[in-house]
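Report on one structure; see the data block that follows.
Please treat every number below as a calculation from the coordinates, not as lab data. These numbers come from a predicted model, not from an experiment. When we count neighbours, we look across all protein chains shown, and the Cβ atoms used for this are built from the backbone with ideal geometry, even at glycine.
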Amino acid sequence: LLLLTCFAVIILKIFYSFFSPLYTFGLDYYGDLDKNSIWRLMYWAYLSDQLIPNHFLFGIGFGTPIFDISDPNTQFIVAANAYDPHLPYVHSSHNSALDFFMRFGGLGYSLLCLIIGREIQTSLKLVLLGYDKKYLAVFIIVLITAALNATLISPKFSAVFWVFLGLLYASNRHGKRQKMVGAHLTELDKTMPSHAPTSYSRKANSSEESQ
């Protein structure tokens with residue numbers, strides 16, 4: 001995730017010069033375009049070129065504006081919102097990865113990627129062994145949605161992200177316990193005498209059914 005984000009930042013930084021006419025003349029410069037998508041790409045390219053490289057390790061923190069409201073190249077952001085002098089402090093780039101990277105820097109973002117990556121890796125291993133996959137599938141959808149929206153910056157939507165990450169964590173812990181119990185029962189079966197009529201696990205199951 002970290003490498004993918006850094007690669008995306010480099011590509012967007014290159015695109016910043018390509019978008020120069022759009023910043024200067026507006027979104028109508030190229031005629032009929034998907035203005036919503038172009039607007040987001042312009043925003044991401046602006047941050048990747050003007051802000052993130054200068055605060056790569058530690059980020060800009062909170063209470064710091066993410067753009068200059070008087071900068072000619074940010075008027076496409078200002079024009080898309082009602083006038084608010086606090087806009088540069090609270091506005092989101094509609095990309096949670098960039099937002100987090102921008103505020104916490106590469107070090108803070110690395111920690112987030114480590115937490116998410118570890119849980120996804122654990123879940124994938126359990127899914128390949130036949131364990132529950134619905135929590136992983138839902139979290140992947142939430143993760144993709146966060147990459148295109150202000151999920152981690154919004155108090156309401158960030159709760160959804162952390163709740164589903166917590167559910168994935170709990171599901172992984174449950175899957176690990178099931179895996180350990182299964183491995184323990186298999187070892188018990190191997191240590192039972194060969195002339196035993198039934199395995200330990202089968203005896204346990206039959207006793208449970210009788211109850």
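Key figures for this structure:
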{"item": "Vicinal HN-Hα couplings computed from phi for the stretch 156-169 (Karplus, 6.51 cos²θ - 1.76 cosθ + 1.60; Hz; Gly/Pro x)", "result": "6, 7, 5, 4, 4, 4, 5, 5, 6, 5, x, 5, 5, 4"}
{"item": "Net length gained if the chain between W162 and I11 were fully extended (0.36 nm per residue, minus Cα distance)", "result": "51.5 nm"}
{"item": "Label-point separation, Y89 to F18 (7 Å along Cα→Cβ), nm", "result": "3.6 nm"}
{"item": "Relative packing of 75-87, 99-111, 131-143, which averages over residues the other C-beta atoms within 10 Å, highest first", "result": "99-111, 131-143, 75-87"}
{"item": "FRET efficiency, I115 to K35 (Cβ-Cβ, R0 35 Å, nearest 0.05)", "result": "0.50"}
{"item": "Global form of the stretch 64-134, assessed from the alpha-carbon gyration tensor, a/c cut-off 1.5", "result": "prolate"}
{"item": "Phi to ³J(HN,Hα) by Karplus 6.51 cos²θ - 1.76 cosθ + 1.60 over the stretch 55-64, Hz, x for Gly, Pro", "result": "9, 5, 7, 10, x, 9, x, 9, x, 10"}
{"item": "Global form of the stretch 103-144, assessed from the alpha-carbon gyration tensor, a/c cut-off 1.5", "result": "oblate"}
{"item": "Table column - 3J(HN,Hα) (Hz), the stretch 111-125, Karplus curve with 6.51, -1.76, 1.60, x for Gly and Pro", "result": "5, 4, 5, 5, 5, 5, x, 5, 5, 5, 4, 4, 5, 4, 4"}
{"item": "Spacing of the two label points (7 Å from each Cα toward its C-beta) at A79 and A137, in nm", "result": "4.4 nm"}
{"item": "Flagged links, alpha-carbon separation over 22 Å, of K133/K179; K156/K176; K133/K176", "result": "K156/K176"}
